[in-house]
Amino acid sequence: MPARSFRQSAFAAPPRAGQVAYRHVDGREDPFHWLRDRNYPDVKDEAVLEYLRAENAYVDAVLGGERDLRPALLEEFRALVIPDESPPPEWIHGQWYGARFEPGREYPLWYRKPAPDAPGTIILDANREAEGLGFYAVRDWAVAPNHRWLAILDDIDGSERLRLRIRDLASGEDVHTAAVHCAPGLGWSLDSGTLFYIRQDDRQRPRWVHRHRLGRAGEDPLVYEETDPVYFLGLGETASGRFLHIESEAKNSSETRLLPLADPEGEPRVVLPRRPDHEYDVVHRGDELLIRTNDRHHNFRIVRAPLDDPREAAWQEVVPPSDDVLISGHGAARDFWWMVERTGAQKRVRVVPGGHEHASAARVVGFPDAAYTISAMDGHQWNRRTLRLIYESPARPRTWYDYDVPEARLDVVQETKVPTHQQQDYVVERRWVSAKDGVRVPISLVRHRSVPADAPAPVMLYGYGAYGASMDAGFSANRLPFLRRGMIWAIAHIRGGQEMGRAWYDDGKLLKKRNTFDDFIACAGHLIACGIAAPDKIVAMGGSAGGMLMGAVANQRPELFAAVLAMVPFVDVLSTMQDATLPLTPPEYVEWGNPTDPAYRAYIASYSPYDNVRPQAYPAMLVSAGLNDPRVTYWEPAKWVAKLRSMKTDDSVLLLHTEMEAGHGGASGRYKALVEIAERLAFVIRVLDLPERPLH
């Protein structure tokens, strides 16, 4: 339970959203539907804006005053920022490109240099681009092979409706700006004269691929149109540099087209036509394609196909599928190729030297830690002999390695040094929990070494469990201020992700979605039962689809949690999935189900957090939203909080903070983003009565 001094009754009355009679076409009453502005995504309704501002003011009233911890906590988080952070540069078209930060500045500066140890030339300063804007983010960029032209896709309000610009790096001036809404994805022709990009439709779906020829006036020609609203478009250059790949992807089906970058006026060719429940992706290597496909097994296999005849009849199996190993990705260079795999809730990389066709020749690159994550970078240097790997664990910040394939040797390229952080001060553990149906669910935990292993401690329990997105056990400097106050941080690898293979995802969606919630509840119960967590000091945290998880478990087992942090939570599931005008609704029928089917409608209605709020005691809650969010619209958390205020029977604090100039990811800028994180910690300290200053 929240500390006595941090109850709703200790503060002025919270805002109350007026209730307006409204009935959905399916008969459901929704008195807070008025919070959805008809002008969205351009919110203009003053009554809506006034309510959101009142909620923000209430956050300041509750967390502010004489005990306002946020300024000191913000400085604590800022002290963990690497002032001159600079990851290793990448080799692109014969030069080195990278991004770095300067001390005190919010945004990165992109540069290029002829050699890794040579001085760099700035090609894009995001700090200058962001001047006068409340939000700014570079979402994608691509440099032409001749190194003169830089294509930039940036976001100036968090809405993810991107602006396209082409900059002449010789003069530093923009020579083209597209007054259309674009999506991420860029590719240059080999002659550096044509740029390929994606344009969104009025529902913000990536729908059209265009080509822009430098110096050519008029409307850019259409290369490909995706007419099915279930499929979203993506594009990029193959690592070999020879092709533009255009990907049409649904949640359970995909289709790839290849267009030779030496012939930018040509037509893209389909590798394999789409069909239901078949996903594949393609890596070009010499005169063949390596194709990752789930045509015969949900955990995928890899086949070879001739470049000029990629029909299924010509496929040769290279890596067979496995019940125990998910092939989650693959890539190639001239003299080797690799797979990224998941097995036993851990990731590993298998590297296959050139000339070897079968997985038996592969070498496994892994680490002995209890919980960690590793990824492989595609890279643009096709003739290289090394594979760049990125490793981190909950205790160890990001480290870049080069795996020398001929020598089978792992060399450290760069280690991240977070100010004041010592890896040896933290203990990482992996535990297994029996879920409601007996399935074993993994949890990754990290604690400061001074926190006793045999005594209950406050716990931050994080979960997501959707879309097959695996929540890997990586490092976050923003976790340290929580750990330094005696908290244990736990990541629940619940069903709905792919930590345990594709079946793990399938068992956490559609008519099995409740497994996700049951797994999270089981994780909380396990931590209490084995004496790790104090029963009245567990904080549950999740965002987006993980915010739906927060709403569901708060409805089902509110007594398990002292507090809930729900960031941009997807909580009005039934209404959203019945609204096909929203950009993400049709593609997500295969995730949640189409409520026009009575079975799916009834199942969604049984767990949709907004629809299942009821008169009962709830934990203390801090909820966030983004006014310009195109993924989880701002009115979902706003309506949810309003309904909770009208129905809950407890005295716990309930806060809603809406970022008025941001979208799904919150505020932009590496320092500005810390304001929201400091607010979360201030809330947790007050709820759990934690030390105001770090203990370690």
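Computed values, structure above
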read-out	value
Options GLY158, GLY120, GLY132; residue that is exposed (fewer than 14 other Cβ atoms within 10 Å of the Cβ) and in the same structural domain as LEU195 (by TED's automatic domain parsing)	GLY132
Sole residue being in contact (Cβ under 8 Å) with a residue 12 or more places away in the chain, surrounded by fewer than 20 Cβ atoms within 10 Å (Cβ to Cβ) and either hydroxyl-bearing (Ser, Thr, Tyr) or within 23 Å of TYR40 (Cα to Cα) (or both), chosen from ARG601, ARG614, ARG557, ARG631	ARG631
Flag for LEU511 being in contact with a helix residue (DSSP H, G or I) (Cβ under 6 Å, 6 or more places away or on another chain) and of a type in the set (A, V, I, L, M)	yes
Leading residue by the ranking (surrounded by the fewest Cβ atoms within 10 Å (Cβ to Cβ)) among those in region 643-696 that are in contact with a strand residue (DSSP E or B) (Cβ under 8 Å, 6 or more places away or on another chain) and among the small types (Gly, Ala, Ser)	ALA673
One residue from GLY508, GLY486, GLY531 being buried (at least 24 other Cβ atoms within 10 Å of the Cβ), assigned by TED's automatic domain parsing to the domain that holds ALA682 and part of a loop (DSSP other than H, G, I, E, B)	GLY508
Test: residue in region 414-426 that is β-branched (Val, Ile, Thr), assigned to a strand (DSSP E or B) and either at pLDDT 95 or above or closer than 18 Å to PHE367 by Cβ (or both)	no
Subset of region 626-685 [assigned to a helix (DSSP H, G or I), within 18 Å of LEU35 (Cα to Cα) and among the basic types (Lys, Arg)]	LYS639, LYS643, ARG645
Selection from region 430-453 of residues that are of a type outside the set (Phe, Trp, Tyr), assigned to a strand (DSSP E or B) and under 20 Å from ALA395 (Cα atoms)	ARG430, ARG431, PRO442, ILE443, SER444, LEU445, VAL446, ARG447, HIS448
Residues satisfying the stated conditions in region 75-113, i.e. in contact with a helix residue (DSSP H, G or I) (Cβ under 6 Å, 6 or more places away or on another chain) and among the hydrophobic types (A, V, I, L, M, F, W, C)	PHE77, LEU80
Selected residue (only one of PRO83, PRO71 is surrounded by fewer than 14 Cβ atoms within 10 Å (Cβ to Cβ), within 32 Å of the chain's Cα centre (by Cα), at pLDDT 95 or above and outside any helix (DSSP H, G or I))	PRO83
Some residue of region 494-501 being in a loop (DSSP other than H, G, I, E, B) and of a type in the set (Val, Ile, Thr)	yes
Subset of region 165-202 that is part of a loop (DSSP other than H, G, I, E, B) and in contact (Cβ under 8 Å) with a residue 40 or more places away in the chain - its residue that is farthest from PRO264 (Cα to Cα)	LEU169
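The values are calculated or read from the model by the stated rules, or taken from the named source; none is laboratory data. Remember, it's a predicted structure, so these values are computed and weren't measured experimentally. Here the Cβ is made from the backbone with ideal geometry for all residues, glycine too, and neighbour counts use every protein chain on show.
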